[in-house]
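*Asks:* Structure below; questions to follow.
The values are calculated or read from the model by the stated rules, or taken from the named source; none is laboratory data. A quick note: this is a predicted structure, and the numbers were derived from the prediction, not measured. Ideal geometry is used to build each Cβ from the backbone, glycine not excepted, and the neighbour counts take in all protein chains shown. Calculation scope for accessible area: heavy atoms of the full protein, side chains included, ligands and nucleic acids excluded. Shrake-Rupley method; radii C 1.70, N 1.55, O 1.52, S 1.80 Å.
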Amino acid sequence: MILSADPAVLLAVAAMLCYMGALLPGASDRRWPVHLLFAAWVMHAIVLLSGAGVWAGDGEGLRLGFAPVLSFTVWLVLAVHGVESRFLPVAMARRALAVAGAMAVLLAWVFPGEVRAIAHSRWAPLHWVLGITSYGLFGAAVLHAVLLDTADKRLRHRGSPGGSGTIGAGAGLPLLTLERLTFRFVEAGFVVLTLALWLGLQSESQWRWDRKSVLSVLGWATFAALIAGRWGRGWRGRQATRWLYAGSLLLLLAYAGTRFVYEVVLQRPPA
């Protein structure tokens, strides 16, 4: 990829550099890694709103593709992390999010997708926004679930269930609080995904039972089973997080995975 004087490209490079800078270890009393992560997040947002990101920048529509959607999803997860860290310490996630942010910007730069108008129906823009928002909410849930599983594994290895009851010195969240947060994101994502699918069904001329639709519905059903199992049977721990991972994978394959196959493997537009 050849660098140009395009401001969007320069911002993408700057965002990646700031994300990588946020990976550097910092003393506990220094905030510069967090400031770098925030700067990267702001530049990432500008890139998404420019011609190199999700919005085409010329009023023609949106850039649709696996990479722009993943980039927007990571940006939303970072937004959730930024708000959450103002109230609860989740510092363990900083480096993982910095890596994800840098990779997301790079992927969207290398695979920019295609510009398409989404005004084929009055519900299409809202359907798209709700769909991508559900990706972000489930992405935040997965991040918390990974932290939850890591904490659970550490406590099991220590052999002291009473232990400190936290996920470690780097984060300091009580396990029960982390578990509640994880499933709050699952429940919010499920509501938003339900609305997105419902609006998609309202656009009968555009709705097709293709791979994307089938995988999306399967993902929705998986999350519905998870919520029902948690409420009705008290599913917790790894039993619950496995369902979360399965549902998130189905959603990832529904759009990003399908577009990846068409754009990168087959190198042709979706049918």
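*Asks:* If each residue of separation counts as 0.36 nm, what is the full-extension length gain between ARG211 and ARG236 once their alpha-carbon separation is subtracted?
*Replies:* 5.9 nm
*Asks:* Which net charge results when you count Lys and Arg as +1 and Asp and Glu as -1 among the other residues whose beta-carbon is under 13 Å from that of GLN239?
*Replies:* Once positives and negatives cancel, what remains is +2.
*Asks:* Quick check: with the 1.4 Å probe, what order do ARG230, ARG95, ARG242 take by accessible area, largest first?
*Replies:* If we order ARG230, ARG95, ARG242 from most to least accessible, we get ARG242, ARG95, ARG230.
*Asks:* To continue, here is another question. What is the calculated FRET efficiency for THR177 to LEU266, with r their C-beta to C-beta distance and R₀ = 41 Å, to the nearest 0.05?
*Replies:* About 0.35, to the nearest 0.05.
*Asks:* So, R0 is 30 Å and r is the distance between the beta-carbons of VAL110 and HIS35; what FRET efficiency does that work out to, to 0.05?
*Replies:* With a Förster radius of 30 Å, E is 0.65.
*Asks:* Name the residues whose placed amide hydrogens come within less than 5 Å of the amide hydrogen of SER50, ignoring near sequence neighbours (fewer than 5 apart) on the same chain.
*Replies:* Hits under the 5 Å cutoff: TRP55.
*Asks:* Modelled label-to-label distance, ARG86 and MET20, 7 Å Cα→beta-carbon offset: nm?
*Replies:* 3.1 nm
*Asks:* Cβ under 15 Å from ALA96's Cβ, ALA96 left aside: what net charge do those residues give with Lys, Arg +1 and Asp, Glu -1?
*Replies:* Once positives and negatives cancel, what remains is 0.
*Asks:* Here's something else I'd like to know. So, R0 is 30 Å and r is the distance between the beta-carbons of LEU49 and ARG156; what FRET efficiency does that work out to, to 0.05?
*Replies:* According to the calculation, E is roughly 0.10.
*Asks:* Heavy atoms of the protein only, probe of 1.4 Å, neighbouring chains included. What is the accessible area of SER85 in Å², nearest 10?
*Replies:* 60 Å²
*Asks:* Going by a ≥ b ≥ c, the root eigenvalues of the Cα gyration tensor, does segment 207-271 fall in the rounded group (a/c under 1.5), the prolate group (a/b larger than b/c) or the oblate group?
*Replies:* Oblate.
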